[in-house]
Amino acid sequence: MAWGSALERREEFVRLARSAGGNFSELCRRFGVSRSNGYKWLCRYEAEGHAGLEERSRRPISSPAQTLASTEQHVLAVRRAHPAWGGRKIRRVLQDQGIAPPSASTITDILRRRGQLDGPRAGGRRDWVRFEHPEPNDLWQMDFKGHFALATGRCHPLTVLDDHSRYALEIGACDNERGETVKARLETVFKRYGRPRRILTDNGPPWGTAGSGQQHTPLTVWLLDLEISVGHGRAYHPQTQGKDERFHRTLKAEVLDGRRLDTLDQAQDAFDRWRDIYNAKRPHEALQMATPYTRYRMSPRSWPTVIDPPDYEPQATVRMVHDGGWISFKGRQFNCPKAFAGRRVALRPTNTDGVFDLCYRSYLLALVDLRHNTVETVLDVPERVSSMSPV
(Lines give C-alpha, C1' and ligand atoms only; values in the text may rest on other atoms or scores of the structure.)
Protein backbone atom coordinates (compact mmCIF):
# COMPACT_ATOMS: atom_id res chain seq x y z
CA MET A 1 0.00 0.00 0.00
CA ALA A 2 1.33 3.49 -0.85
CA TRP A 3 2.39 5.76 2.01
CA GLY A 4 2.73 9.09 0.20
CA SER A 5 5.80 10.59 -1.42
CA ALA A 6 9.40 9.92 -0.37
CA LEU A 7 9.50 13.31 1.34
CA GLU A 8 6.29 12.60 3.27
CA ARG A 9 7.66 9.25 4.42
CA ARG A 10 10.88 10.89 5.59
CA GLU A 11 8.96 13.59 7.44
CA GLU A 12 6.82 11.01 9.22
CA PHE A 13 9.89 8.93 10.07
CA VAL A 14 11.59 11.95 11.65
CA ARG A 15 8.49 12.92 13.60
CA LEU A 16 8.18 9.45 15.09
CA ALA A 17 11.93 9.22 15.75
CA ARG A 18 11.78 12.43 17.77
CA SER A 19 8.85 11.19 19.90
CA ALA A 20 9.63 10.35 23.50
CA GLY A 21 9.95 6.67 24.32
CA GLY A 22 10.40 5.46 20.74
CA ASN A 23 12.52 2.49 19.71
CA PHE A 24 14.77 3.74 16.89
CA SER A 25 15.81 0.29 15.64
CA GLU A 26 12.20 -0.89 15.50
CA LEU A 27 11.15 2.33 13.75
CA CYS A 28 13.84 1.78 11.07
CA ARG A 29 12.66 -1.79 10.58
CA ARG A 30 9.03 -0.74 10.14
CA PHE A 31 9.96 1.94 7.60
CA GLY A 32 12.34 -0.38 5.76
CA VAL A 33 15.45 1.79 6.13
CA SER A 34 18.90 1.12 7.57
CA ARG A 35 19.91 2.67 10.87
CA SER A 36 22.58 4.71 9.08
CA ASN A 37 20.02 6.22 6.68
CA GLY A 38 17.64 6.79 9.58
CA TYR A 39 20.31 8.71 11.49
CA LYS A 40 21.20 10.62 8.30
CA TRP A 41 17.61 11.84 7.92
CA LEU A 42 17.41 12.73 11.59
CA CYS A 43 20.71 14.65 11.57
CA ARG A 44 19.77 16.54 8.41
CA TYR A 45 16.44 17.49 9.96
CA GLU A 46 18.13 18.67 13.18
CA ALA A 47 20.56 20.80 11.15
CA GLU A 48 18.30 22.14 8.38
CA GLY A 49 14.70 21.40 9.34
CA HIS A 50 12.37 20.15 6.59
CA ALA A 51 14.78 21.42 3.93
CA GLY A 52 17.23 18.74 5.01
CA LEU A 53 14.79 16.03 3.93
CA GLU A 54 14.40 17.38 0.39
CA GLU A 55 16.26 15.82 -2.52
CA ARG A 56 17.43 19.37 -3.29
CA SER A 57 17.94 22.05 -0.68
CA ARG A 58 15.31 24.71 -0.20
CA ARG A 59 15.72 28.09 1.44
CA PRO A 60 13.27 28.80 4.30
CA ILE A 61 10.79 31.60 4.11
CA SER A 62 11.64 34.31 6.61
CA SER A 63 11.01 37.94 7.67
CA PRO A 64 7.97 38.75 9.83
CA ALA A 65 5.33 41.21 8.60
CA GLN A 66 5.30 44.69 10.11
CA THR A 67 2.33 46.45 8.54
CA LEU A 68 -1.36 45.68 8.66
CA ALA A 69 -1.54 45.39 4.87
CA SER A 70 1.24 42.80 4.71
CA THR A 71 -0.22 40.97 7.73
CA GLU A 72 -3.53 40.66 5.92
CA GLN A 73 -1.75 39.26 2.90
CA HIS A 74 -0.12 36.58 5.07
CA VAL A 75 -3.49 35.73 6.62
CA LEU A 76 -5.17 35.46 3.22
CA ALA A 77 -2.31 33.37 1.82
CA VAL A 78 -2.78 30.74 4.55
CA ARG A 79 -6.54 30.88 4.01
CA ARG A 80 -6.14 30.31 0.25
CA ALA A 81 -3.94 27.30 0.90
CA HIS A 82 -6.37 25.91 3.49
CA PRO A 83 -9.87 27.33 2.83
CA ALA A 84 -11.46 25.48 5.77
CA TRP A 85 -9.08 26.87 8.43
CA GLY A 86 -10.25 29.60 10.81
CA GLY A 87 -8.61 32.32 12.88
CA ARG A 88 -7.04 30.14 15.57
CA LYS A 89 -5.40 27.76 13.13
CA ILE A 90 -4.15 30.54 10.87
CA ARG A 91 -2.70 32.41 13.84
CA ARG A 92 -0.74 29.32 14.94
CA VAL A 93 0.59 28.76 11.40
CA LEU A 94 1.80 32.36 11.17
CA GLN A 95 3.53 31.98 14.54
CA ASP A 96 5.25 28.83 13.31
CA GLN A 97 6.43 30.73 10.23
CA GLY A 98 8.06 33.41 12.41
CA ILE A 99 5.44 36.03 11.63
CA ALA A 100 4.04 38.08 14.52
CA PRO A 101 0.30 37.51 14.03
CA PRO A 102 -2.68 39.49 15.30
CA SER A 103 -5.16 37.82 17.62
CA ALA A 104 -7.38 35.01 16.38
CA SER A 105 -10.42 37.29 16.57
CA THR A 106 -8.64 39.93 14.45
CA ILE A 107 -7.79 37.26 11.88
CA THR A 108 -11.44 36.21 11.86
CA ASP A 109 -12.44 39.84 11.29
CA ILE A 110 -9.98 40.03 8.36
CA LEU A 111 -11.52 36.91 6.82
CA ARG A 112 -15.03 38.21 7.35
CA ARG A 113 -14.16 41.63 5.88
CA ARG A 114 -12.62 39.96 2.83
CA GLY A 115 -15.66 37.70 2.36
CA GLN A 116 -13.79 34.54 3.27
CA LEU A 117 -16.25 33.22 5.89
CA ASP A 118 -19.45 31.32 5.15
CA GLY A 119 -22.58 31.19 7.28
CA PRO A 120 -23.93 33.45 10.06
CA ARG A 121 -22.04 31.60 12.86
CA ALA A 122 -18.72 31.24 11.05
CA GLY A 123 -15.88 32.22 13.33
CA GLY A 124 -18.13 32.18 16.40
CA ARG A 125 -17.17 30.69 19.74
CA ARG A 126 -17.99 27.00 20.29
CA ASP A 127 -18.26 25.05 23.52
CA TRP A 128 -16.77 21.56 23.58
CA VAL A 129 -16.81 18.69 26.01
CA ARG A 130 -13.89 16.39 25.21
CA PHE A 131 -12.85 13.00 26.47
CA GLU A 132 -9.67 11.25 25.51
CA HIS A 133 -7.57 8.28 26.52
CA PRO A 134 -4.44 9.20 28.49
CA GLU A 135 -1.83 7.63 26.20
CA PRO A 136 -1.31 7.10 22.46
CA ASN A 137 -2.45 3.69 21.19
CA ASP A 138 -4.72 3.08 24.19
CA LEU A 139 -7.64 3.39 21.77
CA TRP A 140 -7.98 3.78 18.03
CA GLN A 141 -11.26 4.80 16.41
CA MET A 142 -12.06 3.23 13.04
CA ASP A 143 -14.86 3.73 10.55
CA PHE A 144 -15.73 4.12 6.89
CA LYS A 145 -16.65 7.61 5.78
CA GLY A 146 -19.61 7.71 3.46
CA HIS A 147 -18.62 6.67 -0.05
CA PHE A 148 -18.39 9.07 -2.97
CA ALA A 149 -18.52 8.55 -6.72
CA LEU A 150 -15.47 8.28 -8.98
CA ALA A 151 -15.45 8.38 -12.77
CA THR A 152 -16.06 4.64 -12.56
CA GLY A 153 -17.15 3.02 -9.33
CA ARG A 154 -17.01 4.41 -5.81
CA CYS A 155 -14.43 5.23 -3.17
CA HIS A 156 -15.06 4.10 0.41
CA PRO A 157 -12.58 6.01 2.64
CA LEU A 158 -11.42 3.91 5.62
CA THR A 159 -10.14 6.05 8.49
CA VAL A 160 -8.21 5.06 11.61
CA LEU A 161 -7.57 7.73 14.26
CA ASP A 162 -5.63 7.60 17.53
CA ASP A 163 -7.94 8.76 20.33
CA HIS A 164 -5.31 10.50 22.47
CA SER A 165 -3.32 12.38 19.84
CA ARG A 166 -5.85 12.55 16.95
CA TYR A 167 -3.04 11.20 14.76
CA ALA A 168 -4.45 9.89 11.47
CA LEU A 169 -2.92 6.44 11.10
CA GLU A 170 -4.80 5.52 7.93
CA ILE A 171 -6.96 7.14 5.28
CA GLY A 172 -7.49 4.36 2.77
CA ALA A 173 -9.15 4.71 -0.62
CA CYS A 174 -11.01 1.39 -0.75
CA ASP A 175 -13.32 0.06 -3.44
CA ASN A 176 -15.51 -1.83 -0.95
CA GLU A 177 -16.23 -2.18 2.76
CA ARG A 178 -15.53 -5.90 3.16
CA GLY A 179 -13.71 -7.41 6.11
CA GLU A 180 -10.79 -8.71 4.04
CA THR A 181 -10.18 -5.23 2.66
CA VAL A 182 -10.09 -3.76 6.16
CA LYS A 183 -7.86 -6.59 7.39
CA ALA A 184 -5.29 -5.96 4.65
CA ARG A 185 -5.23 -2.24 5.40
CA LEU A 186 -4.93 -2.78 9.15
CA GLU A 187 -2.09 -5.28 8.75
CA THR A 188 -0.06 -2.61 6.96
CA VAL A 189 -0.90 -0.06 9.66
CA PHE A 190 0.02 -2.48 12.48
CA LYS A 191 3.35 -3.28 10.84
CA ARG A 192 4.21 0.40 10.69
CA TYR A 193 2.81 1.80 13.93
CA GLY A 194 2.40 -1.29 16.11
CA ARG A 195 -0.81 -2.59 17.67
CA PRO A 196 -3.21 -0.57 19.83
CA ARG A 197 -4.72 -1.98 23.00
CA ARG A 198 -8.26 -1.37 21.79
CA ILE A 199 -10.19 -0.40 18.66
CA LEU A 200 -13.60 1.28 18.75
CA THR A 201 -16.01 0.79 15.82
CA ASP A 202 -19.72 1.12 15.18
CA ASN A 203 -22.13 -1.82 15.04
CA GLY A 204 -22.30 -2.25 11.28
CA PRO A 205 -20.36 -4.58 8.97
CA PRO A 206 -17.60 -5.56 8.58
CA TRP A 207 -16.79 -5.22 12.30
CA GLY A 208 -20.31 -5.74 13.61
CA THR A 209 -23.57 -7.35 12.59
CA ALA A 210 -26.12 -4.74 13.56
CA GLY A 211 -29.63 -6.06 14.13
CA SER A 212 -28.64 -9.75 14.19
CA GLY A 213 -27.72 -10.10 17.85
CA GLN A 214 -24.23 -11.20 16.80
CA GLN A 215 -21.51 -8.81 17.97
CA HIS A 216 -18.57 -10.54 16.30
CA THR A 217 -17.32 -11.07 12.77
CA PRO A 218 -14.22 -12.80 11.38
CA LEU A 219 -12.54 -9.38 11.43
CA THR A 220 -13.12 -8.82 15.17
CA VAL A 221 -12.01 -12.37 15.96
CA TRP A 222 -8.78 -11.69 14.07
CA LEU A 223 -8.28 -8.56 16.19
CA LEU A 224 -8.80 -10.53 19.39
CA ASP A 225 -6.20 -13.04 18.19
CA LEU A 226 -3.82 -10.08 17.91
CA GLU A 227 -4.62 -9.16 21.54
CA ILE A 228 -6.53 -6.06 20.47
CA SER A 229 -9.77 -5.49 22.35
CA VAL A 230 -12.81 -4.51 20.30
CA GLY A 231 -15.49 -2.07 21.39
CA HIS A 232 -18.70 -1.08 19.63
CA GLY A 233 -20.44 2.27 19.91
CA ARG A 234 -24.06 2.46 20.99
CA ALA A 235 -26.50 1.83 18.18
CA TYR A 236 -27.74 5.08 16.59
CA HIS A 237 -25.25 7.10 18.69
CA PRO A 238 -22.42 8.11 16.30
CA GLN A 239 -21.16 10.56 18.94
CA THR A 240 -19.56 7.56 20.67
CA GLN A 241 -16.94 7.82 17.92
CA GLY A 242 -17.07 11.58 17.96
CA LYS A 243 -13.40 12.14 17.10
CA ASP A 244 -13.58 10.01 13.96
CA GLU A 245 -16.93 11.55 12.98
CA ARG A 246 -15.41 15.02 13.36
CA PHE A 247 -12.37 13.86 11.39
CA HIS A 248 -14.69 12.83 8.55
CA ARG A 249 -16.19 16.33 8.44
CA THR A 250 -12.72 17.82 8.24
CA LEU A 251 -11.71 15.36 5.51
CA LYS A 252 -14.78 16.33 3.50
CA ALA A 253 -14.23 20.07 3.94
CA GLU A 254 -10.50 20.11 3.23
CA VAL A 255 -10.11 17.35 0.64
CA LEU A 256 -13.35 16.30 -1.03
CA ASP A 257 -15.52 19.40 -1.36
CA GLY A 258 -15.16 20.97 -4.78
CA ARG A 259 -12.64 18.39 -6.01
CA ARG A 260 -13.12 15.76 -8.70
CA LEU A 261 -11.35 12.45 -8.15
CA ASP A 262 -11.62 10.00 -11.02
CA THR A 263 -9.75 6.94 -9.73
CA LEU A 264 -8.86 5.23 -6.49
CA ASP A 265 -5.20 6.05 -7.10
CA GLN A 266 -6.04 9.75 -7.38
CA ALA A 267 -8.09 9.55 -4.20
CA GLN A 268 -5.29 7.76 -2.34
CA ASP A 269 -2.76 10.35 -3.48
CA ALA A 270 -5.03 13.16 -2.25
CA PHE A 271 -5.55 11.38 1.07
CA ASP A 272 -1.81 10.77 1.56
CA ARG A 273 -0.93 14.41 0.90
CA TRP A 274 -3.61 15.70 3.23
CA ARG A 275 -2.79 13.15 5.96
CA ASP A 276 0.67 14.71 6.21
CA ILE A 277 -0.86 18.19 6.48
CA TYR A 278 -3.38 17.04 9.08
CA ASN A 279 -0.82 15.22 11.23
CA ALA A 280 2.11 17.63 11.05
CA LYS A 281 0.99 21.09 9.87
CA ARG A 282 -2.66 21.68 10.74
CA PRO A 283 -3.10 23.12 14.28
CA HIS A 284 -5.73 21.19 16.23
CA GLU A 285 -7.99 23.12 18.58
CA ALA A 286 -8.56 20.10 20.83
CA LEU A 287 -4.77 19.92 21.33
CA GLN A 288 -4.37 23.59 22.31
CA MET A 289 -3.37 24.32 18.71
CA ALA A 290 -0.60 21.74 18.65
CA THR A 291 -0.45 19.22 15.81
CA PRO A 292 -1.24 15.51 16.29
CA TYR A 293 2.30 14.34 15.62
CA THR A 294 3.55 16.22 18.71
CA ARG A 295 1.43 13.92 20.89
CA TYR A 296 1.79 10.63 19.04
CA ARG A 297 4.41 7.91 19.39
CA MET A 298 4.29 4.47 17.84
CA SER A 299 3.10 1.50 19.89
CA PRO A 300 5.71 -0.79 21.50
CA ARG A 301 3.42 -3.74 20.68
CA SER A 302 4.91 -4.84 17.37
CA TRP A 303 3.32 -7.01 14.71
CA PRO A 304 3.70 -10.65 15.88
CA THR A 305 5.54 -13.14 13.72
CA VAL A 306 3.32 -15.97 15.05
CA ILE A 307 -0.20 -15.93 16.48
CA ASP A 308 -0.48 -18.76 19.02
CA PRO A 309 -3.80 -20.51 19.58
CA PRO A 310 -5.60 -19.92 22.90
CA ASP A 311 -4.04 -21.69 25.89
CA TYR A 312 -6.56 -21.90 28.72
CA GLU A 313 -5.88 -22.62 32.39
CA PRO A 314 -6.50 -26.23 33.57
CA GLN A 315 -9.55 -25.34 35.68
CA ALA A 316 -11.43 -23.87 32.71
CA THR A 317 -13.92 -25.98 30.78
CA VAL A 318 -12.94 -25.82 27.10
CA ARG A 319 -15.38 -26.35 24.26
CA MET A 320 -15.17 -26.19 20.45
CA VAL A 321 -17.71 -23.90 18.76
CA HIS A 322 -19.75 -25.83 16.19
CA ASP A 323 -20.32 -24.47 12.68
CA GLY A 324 -23.89 -23.57 13.53
CA GLY A 325 -22.75 -21.25 16.32
CA TRP A 326 -23.29 -23.29 19.47
CA ILE A 327 -21.49 -25.23 22.18
CA SER A 328 -22.45 -28.19 24.33
CA PHE A 329 -22.09 -27.72 28.11
CA LYS A 330 -23.54 -29.72 31.03
CA GLY A 331 -25.72 -31.72 28.65
CA ARG A 332 -27.25 -28.63 27.06
CA GLN A 333 -26.66 -26.53 23.97
CA PHE A 334 -25.93 -22.81 24.16
CA ASN A 335 -25.61 -20.23 21.40
CA CYS A 336 -22.18 -18.81 20.66
CA PRO A 337 -21.18 -16.18 18.06
CA LYS A 338 -20.80 -17.93 14.69
CA ALA A 339 -17.61 -16.01 13.99
CA PHE A 340 -15.87 -18.31 16.51
CA ALA A 341 -16.88 -21.52 14.69
CA GLY A 342 -14.03 -24.03 14.78
CA ARG A 343 -12.31 -22.23 17.66
CA ARG A 344 -11.90 -23.23 21.29
CA VAL A 345 -13.66 -21.17 23.94
CA ALA A 346 -13.55 -21.49 27.72
CA LEU A 347 -16.26 -21.51 30.38
CA ARG A 348 -15.16 -20.11 33.73
CA PRO A 349 -17.29 -20.16 36.90
CA THR A 350 -18.38 -16.81 38.34
CA ASN A 351 -19.24 -15.91 41.93
CA THR A 352 -22.88 -16.78 41.18
CA ASP A 353 -23.74 -20.48 41.29
CA GLY A 354 -24.83 -21.78 37.91
CA VAL A 355 -23.48 -18.76 35.98
CA PHE A 356 -20.34 -19.03 33.84
CA ASP A 357 -18.25 -16.62 31.81
CA LEU A 358 -17.99 -17.71 28.17
CA CYS A 359 -14.56 -16.47 27.07
CA TYR A 360 -12.29 -16.43 24.05
CA ARG A 361 -8.73 -16.07 25.25
CA SER A 362 -9.06 -13.51 28.08
CA TYR A 363 -12.07 -11.75 26.51
CA LEU A 364 -15.55 -12.21 27.88
CA LEU A 365 -18.11 -12.99 25.16
CA ALA A 366 -21.24 -13.88 27.13
CA LEU A 367 -22.67 -15.13 30.41
CA VAL A 368 -24.03 -18.69 30.38
CA ASP A 369 -26.79 -19.13 32.97
CA LEU A 370 -27.57 -22.79 33.76
CA ARG A 371 -30.39 -21.74 36.07
CA HIS A 372 -32.46 -20.32 33.24
CA ASN A 373 -30.76 -22.05 30.31
CA THR A 374 -29.88 -18.67 28.76
CA VAL A 375 -26.90 -16.86 27.24
CA GLU A 376 -26.50 -13.13 27.84
CA THR A 377 -24.29 -11.58 25.18
CA VAL A 378 -21.66 -9.10 26.30
CA LEU A 379 -21.83 -6.24 23.84
CA ASP A 380 -18.55 -4.47 24.56
CA VAL A 381 -15.68 -6.93 24.89
CA PRO A 382 -12.95 -4.82 26.48
CA GLU A 383 -15.05 -3.40 29.29
CA ARG A 384 -15.58 -6.79 30.85
CA VAL A 385 -12.37 -8.76 30.52
CA SER A 386 -12.41 -12.02 32.44
CA SER A 387 -10.64 -11.97 35.81
CA MET A 388 -8.75 -15.12 34.78
CA SER A 389 -6.34 -14.87 31.89
CA PRO A 390 -4.92 -17.67 29.73
CA VAL A 391 -1.71 -19.30 30.90
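Could you check region 141-157 and list, in sequence order, the residues that are buried (at least 20 other Cβ atoms within 10 Å of the Cβ) and either under 26 Å from Leu287 (Cα atoms) or at pLDDT below 95 (or both)? Scanning region 141-157 gives Gln141, Met142, Asp143, Phe144, Pro157. Scanning region 159-176 for residues that are part of a strand (DSSP E or B) and under 8 Å from the mean Cα position of the chain (by Cα) yields a count of 7.
Every residue, every condition in (1) more than 30 Å from Asn335 (Cα to Cα); (2) of a type in the set (D, E, K, R); (3) surrounded by 22 or more Cβ atoms within 10 Å (Cβ to Cβ), yes or no:
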{"position": "Asp162", "(1), (2), (3)": "yes, yes, yes"}
{"position": "Asn176", "(1), (2), (3)": "yes, no, no"}
{"position": "Val182", "(1), (2), (3)": "no, no, yes"}
{"position": "Glu187", "(1), (2), (3)": "yes, yes, no"}
{"position": "Tyr193", "(1), (2), (3)": "yes, no, yes"}
{"position": "Asn203", "(1), (2), (3)": "no, no, no"}
{"position": "Thr209", "(1), (2), (3)": "no, no, no"}
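Touching a helix residue (DSSP H, G or I) at 6+ places or on another chain (Cβ under 8 Å), modelled with pLDDT under 80 and not in a loop (DSSP other than H, G, I, E, B), is that true of Arg88? So Arg88 passes the test. Listed here are the strands (runs of 3 or more DSSP E) enclosed by region 281-381 that have at least 2 residues being without any contact (Cβ under 8 Å) to a residue 12 or more places away in the chain: 326-329, 374-377. Of the set (1) within 23 Å of Glu12 (Cα to Cα); (2) at pLDDT below 90; (3) in contact with a strand residue (DSSP E or B) (Cβ under 7 Å, 6 or more places away or on another chain), all apply to Asn279 but (2).
Here's the yes/no breakdown for (1) more than 18 Å from the chain's Cα centre (by Cα); (2) buried (at least 21 other Cβ atoms within 10 Å of the Cβ); (3) modelled with pLDDT of 90 or more:
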| site | (1), (2), (3) |
| --- | --- |
| Arg275 | no, yes, yes |
| Tyr296 | no, yes, yes |
| Pro304 | yes, no, yes |
| Asp308 | yes, no, yes |
| Arg319 | yes, no, yes |
| Asp323 | yes, no, yes |
| Gly331 | yes, no, no |
| Asn351 | yes, no, no |
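In the set (1) hydrophobic (A, V, I, L, M, F, W, C); (2) in a loop (DSSP other than H, G, I, E, B); (3) at pLDDT below 80, Ile99 fails one condition alone, (3). The set of residues from region 148-177 being closer than 23 Å to His216 by Cα and in contact with a Pro (Cβ under 6 Å, 6 or more places away or on another chain) comprises just one member, Asp162.
The values are calculated or read from the model by the stated rules, or taken from the named source; none is laboratory data. Note that this is a predicted model, so its numbers are computed, not measured. Using ideal geometry, Cβ is built from the backbone for each residue, glycine included, and neighbour counts are taken over all protein chains shown.
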